[in-house]
Amino acid sequence: MSEDLRGKIVDAAIELLEQSGARGFGQVKVARAAGLQQGHLTYYFPRKADLVAAVLVRLSGRARDEFEQALAKGSEQPSEELLFSLLRRLLSDRRRSLILLGLMAEAVDDVEIRRALAEQLQFQRRVFALLMQRNENDLDVHLAVAALRGLGIENLLIENSSEEVDALLERFRTWFARSR
């Protein structure tokens, strides 16, 4: 039961982050959204940072699962094509960018949230390093991840059309091919 309740709380937190970013995210609001008293929430997540860390773990797990499922399905598809199809979906999903931006704002004041975000960033760098056949500390790998995060934030701000997302990804693909 406790894992079910923890999951319900994390799901409510993710939903609030998707709807309104960091400003809509707080223990009182999450408890209300989960249909709980705040005391129940703080029993499982004593600090806001604990809840944010659980959200990041869930979201990172989803991203990893999505990537691994796509790899399993697309075994005949080149891994670069797989990466770009996933990137297109990610860049088109404004909710993910809103969550990331909200969590980054929360990370300014909390070392645990920064640590959890850094772990997510390292996973993304490992994926790109593998595809670029480089070390994950290579500056081009860092640049690739930063560029895509930036494109996600840009899309959050100006909501690019599907054609614009495709054009940006095609330009990124050209750079990516030259950097290999």
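The values are calculated or read from the model by the stated rules, or taken from the named source; none is laboratory data. Owing to the predicted nature of the structure, the values given are computational and were not obtained by experimental measurement. We place every Cβ from the backbone using ideal geometry, glycine too, and count neighbours over all the protein chains shown.
Checking S179, S161, S97 one by one, the residue that is hydroxyl-bearing (S, T, Y) and touching a Gly at 6+ places or on another chain (Cβ under 6 Å) is S97 and no other. Consider the range 2-37 and keep the residues that are modelled with pLDDT of 90 or more and small (G, A, S). The one that is surrounded by the fewest Cβ atoms within 10 Å (Cβ to Cβ) is G35. Looking only at residues of the range 38-50 that are part of a helix (DSSP H, G or I) and over 12 Å from K8 (Cα atoms), we find that the one that is modelled with the lowest pLDDT is A49. Residues in the range 1-19 that are closer than 23 Å to M104 by Cα and either touching a residue at least 40 places away in the same chain (Cβ under 8 Å) or touching a Lys or Arg at 6+ places or on another chain (Cβ under 9 Å) (or both): R6, G7, I9, V10, D11, A12, A13, I14, L16, L17, E18, Q19.
Annotation: D138 fulfils all but one of (1) touching a helix residue (DSSP H, G or I) at 6+ places or on another chain (Cβ under 6 Å); (2) among the charged types (D, E, K, R); (3) crowded, with 16+ Cβ neighbours inside 10 Å; (4) more than 30 Å from K48 (Cα to Cα); the unmet one is (1).
Of all the criteria given as (1) within 23 Å of R178 (Cα to Cα); (2) free of Cβ contacts under 8 Å to residues at least 40 places away in the same chain, the one not satisfied by A118 is (1). Restricting D110, D140 to residues that are of a type in the set (D, E, K, R) and in contact (Cβ under 8 Å) with a residue 40 or more places away in the chain narrows the list to D110.
Look at the range 85-99: where a residue is within 11 Å of E159 (Cα to Cα) and a partner is among the hydroxyl-bearing types (S, T, Y), sitting 6+ places away or on another chain with Cβ atoms under 8 Å, you get S92/S162.
It is to be established whether one or more residues within the range 147-167 are among the hydrophobic types (A, V, I, L, M, F, W, C), within 25 Å of L16 (Cα to Cα) and over 18 Å from the mean Cα position of the chain (by Cα). Spell out how you get there, then give the answer.
Step one: list which residues in the range 147-167 are among the hydrophobic types (A, V, I, L, M, F, W, C), which gives 147-148, 151, 153, 156-158, 165, 167.
If we keep only those that are within 25 Å of L16 (Cα to Cα) too, we end up with 148, 151, 153, 156-158.
Next cut, over 18 Å from the mean Cα position of the chain (by Cα) only: 158.
Yes, some residue in the range 147-167 is among the hydrophobic types (A, V, I, L, M, F, W, C), within 25 Å of L16 (Cα to Cα) and over 18 Å from the mean Cα position of the chain (by Cα).
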